[in-house]
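Reviewing the structure listed below.
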Ligand SMILES: NC(=O)c1ccc[n+]([C@@H]2O[C@H](COP(=O)([O-])OP(=O)(O)OC[C@H]3O[C@@H](n4cnc5c(N)ncnc54)[C@H](OP(=O)(O)O)[C@@H]3O)[C@@H](O)[C@H]2O)c1
């Protein structure tokens, strides 16, 4: 039985913003599939999360060939929900995927060769069960492959109708400038860049955001909640159902130090004084940058999506509040 979506899911036009100098609007919050959509996860919970996001107007779902475990499983599992519940709504969705991290064994299953980029895209399309993805990314720069080759493969994906737009992830400001020029020449302008950005990871402020603004490329920033640390998740220890306990491959419990938690508690107090949760303030903080089109979040529970969308309702951060955040993080 297909899902009957909420009739009011597009009631808030302010939820969408044009991505860079393109005609494509993305939701200010997008949902990523890095965690909790592998074969080790509860498919009922995963389906509930996808459908809740769609009902809330979150139209953009971000995948990658490598998301699982095992690799590729997130695409297969998302594809199942897409076809079971949302088949009538494909044109309301922006589905992205990526290649560049290890997808399969051997010399052709990784990095940025034309061979890997195009074979991986075909695999992703099969797993997702779609004819095209909306955005296809180079997931990371490859030091051993000419940039011309990787960008040529992205442009070919567009020309062949297997991707509508292309993007870059984890490229430096210099690499982005060169890649953007190549993609423009090839007739497949770079739509979007996906870097890490949160109060704890501010590397993009050292040049990348300026390059993106100059090039007319939108930013969709990943891990804006520092994988959950910039929420109230860990203030009283590590709950059994939190990422650091459930899936500590990337968020290791030892990284949630007492010093970090002391900062988190101060940030939480500041957020409360603004009438927000810490998650909402952390999202408002990344979205304050004009070049940031969307904050790319993860979630383990539908209620987190609702809470996080509340970030769009709060007052803009004042200069004094921004300075206070900087002071806490020093
Ligand atoms: N391009 C790349 O190289 C790259 C790398 C990493 C990620 N990404 C993309 O970015 C996406 C998001 O990354 P991320 O999951 O690290 O993002 P994140 O938003 O920083 O962290 C998500 C986690 O924060 C917690 N959370 C979210 N909302 C909450 C709330 N209101 N209250 C309490 N806890 C809350 C949840 O943790 P619990 O699970 O503990 O509930 C959730 O799993 C990925 O899925 C992927 O699509 C891309």
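Bear in mind these aren't lab numbers, they're just calculated from the coordinates by the rules spelled out. What you see is a predicted model, and the numbers here were worked out from it, not measured in a lab. FYI the Cβ positions are ideal-geometry reconstructions off the backbone, even for glycines, and counts take in every protein chain you see.
Enter the angle in degrees (range 0 to 90, nearest 10) between the Cα long axis of helix 173-185 and the first principal axis of the Cα atoms of the chain, meaning the one along which they spread out most.
Approximately 40 degrees, to the nearest 10.
Taking the chain as the region of interest, what is the percent of Cα-Cα pairs per 10 angstrom bin, listed from the shortest bin to the one with the maximum distance?
Taking every Cα pair in the chain, the percentages come to 6, 26, 35, 25, 8, 0.
Using a Förster distance of 30 Å, how high is the FRET efficiency between residue 48 and residue 313, based on the Cβ-Cβ distance and rounded to 0.05?
0.80
May I ask you to give the average projected area over all directions of the convex hull of the Cα atoms of the stretch 112-229, in nm² rounded to one decimal? Could you put the intermediate results ahead of the total?
On the way: hull surface 30.4 nm².
Directional mean of the projected Cα hull area for the stretch 112-229 stands at 7.6 nm².
Sorted by mean Cβ packing within 10 Å, highest first, what order do the peptides 193-205, 105-117 take?
Top to bottom by mean Cβ count within 10 Å: 193-205, 105-117.
Can you tell me the relative contact order of the chain? Whole percent, Cα pairs under 8 Å, sequence separation 6 or more.
Relative contact order here is 17 percent.
For the stretch 185-231, what is the relative contact order in percent, using Cα pairs closer than 8 Å and at least 6 residues apart in sequence?
48 percent
Please sort 38-50, 177-189 by packing, taking for each peptide the average over its residues of neighbouring beta carbons within 10 angstrom, highest first.
177-189, 38-50
As a footprinting exposure proxy, order 104, 34 by other Cβ within 10 Å, with the fewest listed first.
Sorted ascending by nearby Cβ count, the order is 104, 34.
Over the Cα atoms of the stretch 182-309, Rg to Rh with Kirkwood Rh, two decimal places?
1.03
What's the ranking of 129-138, 250-259, 144-153 by average number of surrounding C-beta atoms within 10 Å, highest first? Working shown, then result.
Numbers: 129-138: 21.1, 250-259: 11.8, 144-153: 17.6.
Top to bottom by mean Cβ count within 10 Å: 129-138, 144-153, 250-259.
Kindly provide the helix-only [θ] at 222 nm of the chain, computed as the sum of -39,500 (n - 2.57) over DSSP H runs of four or more divided by all residues, to the nearest 500 deg cm²/dmol?
-11500 deg cm²/dmol
Output needed for the stretch 1-83: three equivalent-ellipsoid semi-axes, defined as square roots of 5 times the C-alpha gyration tensor eigenvalues, in descending order, whole Å.
Working: eigenvalues 117, 57, 17 Å².
Rounded to whole Å, the semi-axes are 24, 17, 9.
List the residues of the stretch 289-308 whose backbone N lies under 18 Å from a point placed 7 Å from the Cα of residue 249 along the Cα-to-Cβ direction.
Counting only backbone N, you get 297-300.
Among DSSP bridges having both ends in the stretch 20-329, what percentage is antiparallel? Round to the nearest 5.
Restricted to the stretch 20-329, the bridges split so that about 5 percent are antiparallel.
Helix 114-128 versus the longest principal axis of the chain: what angle, 0 to 90°, nearest 10, using Cα atoms?
So the inclination is approximately 70 degrees.
When all alpha-carbon pairs of the stretch 115-159 are counted, what percent fall beyond 18 Å?
25 percent
Between the helical axis of 258-273 and the dominant principal axis of the chain, each derived from Cα atoms, what acute angle in degrees is found, rounded to the nearest 10?
It is inclined by approximately 80 degrees.
Using only the Cα atoms of the stretch 267-317, each taken as one equal point scatterer with no solvent, compute I(q) by the Debye sum, divide by I(0), and report log10 of the ratio at q = 0.23, 0.25, 0.30 Å⁻¹.
-0.85, -0.98, -1.23
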